[in-house]
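Please treat every number below as a calculation from the coordinates, not as lab data. Source: prediction; values computed, not measured. Neighbour counts run over all protein chains shown; Cβ positions are idealised from the backbone, glycine included.
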Amino acid sequence: MTSRRLFLKSSALGMFGVGTAPAWLSRALYAADAPSPRKKILVAIFQRGAVDGLNMVVPFGEKQYYALRPNLAIPKPDRTENSAVDLDGFFGLHPALAPLKPIYDAGHLAIVHAVGSPDPTRSHFDAQDYMESGTPGRKATADGWLNRALPSQKDSSPVRAVSLGTTLPRAMRGQNEAVAIANLNDFQIRDTRGAGTFESMYENTLDQVLNGAGRETFEAVKLMQSIQKQPYAPAGDVQYPNSALGQDLMQIARLIKSDVGLEVAFAEMRGWDTHFNEVGARPTQGQLANLLGQFGSALAAFYQDLGDKMADVSVVTMSEFGRTARENGSRGTDHGHANVMFAFGGGIRGGKVLGEWPGLEPEQLYEQRDLQLTTDFRDVLGELAVRHLGNAQVASVFPGYEQPKYRGIVRG
Amino acid sequence: MKKYGIVLLAVAVLAAYSTDYSQFEKPLNKDQEILHALNRLTFGPRPGDVEAVRKMGVKKWVDQQLHPERIAENSELAERLKPLDSLRMSPEQIAAEYPPPQLIRAMSQGLLPLPKDPEARARVELQTQRLRAKQEAKGDVKDKQGKGGDPLQQAMRQQVLATSDPVERRKLVADRTPQQVLPYDLNEAKLYRAIYGNRQLEEQMADFWFNHFNVYMDKGADRILIATYERDAIRPHVFSKFRDLLEATAESPAMLFYLDNWQSVSPDRIPERRFAKQKAKQARGLNENYARELMELHTLGVDGGYTQKDIVEVARCFTGWTISQPNRGGEFIYNDRVHDKGEKIVLGVKIPAGGGKEDAEKVLDILSRHPSTARFISTKLAKKFVADDPPPMLLDRMAKTFHDTDGDIRAVMSAMLDSKEFFSEGAFRAKVKTPLELIVSAVRATDAQVDFAIPLATQIAKLGEPLYRKIEPTGYPSANSEWVNSAALLARMNFALALADNRVPGSKVDANTFENSVTNVARQLLFHEPARQTLDSIEKALAQREPTPALIAGLVLGSPDFQRR
């Protein structure tokens with residue numbers, strides 16, 4: 001550890017020359033030497049396309065669930081892989097999420113059910129936009145909740161907010177610098193003759209949009225160079241799945257372990273819009289099972305890879321809305337309302353399924369068709385922003401949301 | 001460091017609240033007009049284009065672009081399109097000639113007959129052997145999101161393919177990965193048309209409408225249905241009446257499959273299945289997916305004034321619009337047996353009980369003539385061709401034209417291209433190039449010779465816009481903020497250096513054509529005066545070493561100046 005840090009330090013500082021390294025860099029590099037309050041990290045994962053929360057965390061204790069889904073319902077736990085994984089006698093995980101059960105048992109995974117956005121839209125685009133802006137029903141909000149969740153500070157690291165992928169998601173945009181990184185190793189100008197010139201061009205251009213993004217980019221590039229010199233090996237025998245989310249989470253783990261000043265990260269997984277053939281020959285097989293398998297194994301690998309570092313890391317998952325309680329005519333589900341969220345990490349008070357369960361009887365459904373909402377998604381994200389990241393101003397993270405009701409997912 | 005965010009915020013706030021569109025009142029000078037028309041109607045000027053437009057006159061040139069049938073096509077394009085035979089086949093032929101793994105599996109298990117054509121049959125047999133060997137070696141691990149795969153292997157593969165001659169290359173791909181032939185052909189054809197085609201606006205429109213009525217290539221049967229979708233539903237209608245384009249997409253097997261309508265049936269109209277017991281358990285019924293996106297994304301827009309009730313009613317009207325045997329390249333059929341015969345009310349209009357296929361046709365009439373549609377389509381076109389926040393006055397005129405001409409797309413485009421707002425300072429260089437536009441414009445500006453376009457498609461994907469692979473029905477956005485971020489900017493700069501330095505396989509830039517000074521190279525590639533800051537940066541850097549024309553060109557193509565159009 002010591003030698004790696006020393007190596008990082010000398011190579012990173014070397015790029016700037018003696019005495020000229022920016023404050024964030026020296027702080028990032030020396031952080032571990034002097035005991036100072038450790039930075040908390042929040043990783044947000046978006047399941048785009050609206051995951052079927054009722055099959056992700058199955059209310060097997062609810063008779064109506066089986067009545068509404070004759071072809072889709074996951075059987076009650078019977079300790080085989082073709083049934084739900086019992087959590088508390090009423091809820092169970094989809095068997096493809098079994099890798100997450102040990103995290104739940106360790107008390108580090110909290111599940112909130114019947115959670116989501118109070119806005120009634122069933123448009124993917126609008127619902128994602130609202131969830132990322134953090135202002136349901138309000139389209140004029142210019143920035144995203146994850147950007148606003150960053151506590152204010154001077155001399156912050158240029159990679160304090162990182163999103164994995166080729167575009168910067170709505171949740172990450174805003175006043176605080178945030179960078180999109182498709183791949184850590186590719187995050188550089190490959191031709192050294194061009195690097196400095198491009199930096200100077202983008203630093204000096206009068207094009208305001210490109211000037212800002214360009215500056216942020218080159219500051220981050222310098223920091224990445226120290227990481228790129230060493231290949232990454234996950235802890236022990238941890239194997240990340242070769243899926244996009246698996247690879248993205250591995251890169252986030254790499255950033256966290258490099259102590260470069262990461263505070264919030266964003267990754268996403270697509271393809272959850274299961275209108276047709278959500279299940280295969282059995283309800284526990286097929287499209288959704290495959291997706292959840294990729295999802296669960298990636299999250300579990302991340303948790304294991306970070307090990308003790310998970311003490312400072314929280315991961316939260318979300319999806320724009322849930323799906324119809326009743327299955328549709330093509331072995332799938334249509335757009336619904338409330339859904340399920342996961343939060344896990346060393347600082348999470350887990351081992352429980354939280355939130356009031358509204359029931360699935362006809363009169364209990366939202367608009368007679370969807371799971372009713374009992375927890376606002378901002379209650380979950382707001383608690384993480386305030387109690388985990390230490391951002392004192394929840395009102396600025398979720399403007400207009402005055403009285404959040406925290407569910408107690410962060411340990412005090 | 002915070003400046004960018006504040007600026008961004010300020011721009012967004014201005015966009016949301018300001019009514020100051022005075023920049024759209026300020027006219028351009030003649031040179032700017034020419035460059036602006038080229039930047040917006042084409043995929044970027046080629047050497048000689050500015051002079052050609054000047055000679056013809058901007059107005060006449062724009063009019064010609066609006067009537068592509070009057071423009072002679074480039075023989076270089078025809079030559080490049082010729083070998084791409086899968087694009088001229090029916091889905092059924094594609095499935096037979098270049099079968100995807102599922103079909104090969106089915107054939108190897110005897111569930112489907114082997115192709116009659118000996119060459120295709122040999123291909124299937126070869127694939128069957130490969131499949132078996134693979135299954136024995138390891139499980140079926142695959143990355144569905146297409147981001148995995150070894151990049152090094154991909155690069156080597158592209159290098160090998162780029163150095164083969166076209167015939168040999170085609171055989172290599174067809175023998176090893178027959179299911180790749182169609183995606184390759186689609187990508188190549190799109191890029192060749194954008195790079196070499198003379199009917200540039202038509203090509204921009206094809207890109208716009210495909211994106212508007214997006215279909216995702218990797219969703220099941222769409223892998224083989226997508227080529228005819230673009231060819232038969234989109235391309236013939238890019239300047240037609242909107243109603244015709246809408247119906248062409250509504251009836252296309254690719255769209256019916258992508259948005260699941262082919263599976264949507266009336267819950268009351270299930271015929272008893274006495275014999276197929278295992279199927280009897282599968283209750284079938286309505287699927288809302290297409291009905292929703294038809295109104296939200298294709299016609300009215302999300303705030304266009306429809307309700308959840310309307311979505312269900314529209315879905316009921318579309319029951320029975322389905323496909324025969326999608327995986328074998330089936331065709332559109334209307335199946336009256338599963339059609340909902342009840343009365344429906346769509347946006348307040350009654351559709352009487354007892355109808356058939358015409359129920360959905362009435363829906364298309366209602367939607368294509370709705371004022372929200374006129375506004376929504378006009379706005380989307382103006383955001384693509386004018387500016388991210390186009391002036392409302394212009395939108396009013398476009399929407400009125402849409403209404404008055406019963407949705408004549410050419411007339412709406414003409415109203416936009418004829419306007420003072422289009423040729424204004426507010427629009428001039430106001431758009432950041434999309435990845436497709438950036439890469440094609442660089443190839444055109446440098447007059448690069450492209451004989452294998454797949455490496456260019458790979459670059460476009462790296463910049464954030466994998467072609468034919470937008471999974472969501474929204475298509476790709478056109479707003480500047482969507483394309484400006486660190487990962488994309490670095491990828492743009494790296495591409496610029498690589499292209500100019502002839503490190504992109506399949507594309508060849510002749511460095512001898514570059515001028516002899518930094519300023520001249522910049523003028524040559526930007527078609528206007530470069531920014532002082534850009535020139536200074538290049539000159540300062542090059543003062544220390546011998547400047548090569550290729551390096552200067554790469555720096556210009558990666559400069560902030562080149563990112564705008």
- Note on the structure: The convex hull of the Cα atoms of segment B:431-563, divided by residue count, gives a volume in Å³ per residue of 105
- Item | 14 Å cut-off, amide nitrogen to a point 7 angstrom out along B:Lys82 Cα→Cβ, residues in segment B:152-167 | B:166-167
- 10 Å Cβ neighbours from other chains, averaged over peptide B:547-558: 2
- Message: Tell me the angle of helix A:287-306 to the major Cα principal axis of chain A, expressed in degrees between 0 and 90 and rounded to the nearest ten.
- Response: 40
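Can you sort B:Arg444, A:Arg323, B:Arg316 by how many other beta carbons sit within 10 Å, fewest first?
Taking fewest neighbouring Cβ atoms as first place, the list is B:Arg444, B:Arg316, A:Arg323.
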- Note on the structure: Checking rank on B:337-346, B:429-438, with mean other Cβ inside 10 Å and highest first, the result is B:429-438, B:337-346
- Cα axis of helix A:208-228 to longest principal axis of chain A: angle in degrees, 0 to 90, nearest 10? 90
- Item | For peptides A:65-77, A:292-304, B:55-67, sequence by mean Cβ density within 10 Å, most packed first | A:292-304, A:65-77, B:55-67
- segment A:222-274: trypsin sites (Lys or Arg not before Pro) in DSSP loop, at most 11 other beta carbons within 10 Å: A:Lys229
- Just check the protein assembly as shown against the gyration tensor rule for me: Cα atoms, a ≥ b ≥ c as the square roots of the eigenvalues, rounded for a/c under 1.5, and otherwise prolate or oblate depending on whether a/b exceeds b/c. rounded
- For the pair B:Asp31 and B:Gln154, the simple spin-label estimate (label points 7 Å beyond Cα toward Cβ) gives in nm 4.1
- Task: Go ahead and set up a Gaussian network model of chain A, Cα springs under 10 Å, then flag whichever of A:Gly194, A:Gly271, A:Gly286 fluctuates most.
- Result: A:Gly194
- Message: Can you tell me which of A:Gly212, A:Gly347, A:Gly307 moves the most in a GNM of chain A? Springs connect C-alpha atoms under 10 Å apart.
- Response: A:Gly212
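Taking 28 Å as the cut-off for C-alpha to C-alpha distance, list the pairs among B:Lys26/B:Lys470; B:Lys350/B:Lys384; B:Lys309/B:Lys380; B:Lys309/B:Lys384; B:Lys60/B:Lys384; A:Lys40/B:Lys433 that go past it.
Over 28 Å Cα-Cα: B:Lys26/B:Lys470; B:Lys350/B:Lys384; B:Lys309/B:Lys384; A:Lys40/B:Lys433.
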- Under 19 Å from the 7 Å Cα→Cβ point of B:Arg121, by amide nitrogen: which residues of segment B:87-114? B:93-100, B:103-114
- Message: For q values of 0.07, 0.12 Å⁻¹, compute log₁₀ I(q)/I(0) with the Debye formula on a Cα-only model of chain B, without solvent.
- Response: -0.46, -1.29
- Query: Quick one: if the Förster radius is 51 Å, what FRET efficiency do B:Ser324 and B:Asp63 give, using the C-beta to C-beta distance and rounding to 0.05?
  - Reply: 0.75
- Message: Test of the criteria: in segment A:331-412, which trypsin sites (Lys or Arg not before Pro) are in a DSSP loop and have at most 15 other Cβ atoms within 10 angstrom of their Cβ?
- Response: A:Lys405, A:Arg411
- Task: With no solvent and one equal point scatterer per Cα, compute the Debye intensity ratio I(q)/I(0) for chain A at 0.06, 0.13 Å⁻¹ and report its log10, rounded to two decimals.
- Result: -0.25, -1.09
- Which distance in nm do the two modelled labels at B:Glu343 and B:Arg70 give, with both placed 7 Å along the Cα-to-Cβ direction? 5.2
- Percentage of Cα-Cα pair distances in segment A:361-408 greater than 15 Å, rounded to whole percent? 50
- Query: Along the Cα-to-Cβ line of B:Glu331, 7 Å from the Cα, sits a label point; which residues in segment B:223-254 have backbone N less than 13 Å from it?
  - Reply: B:253
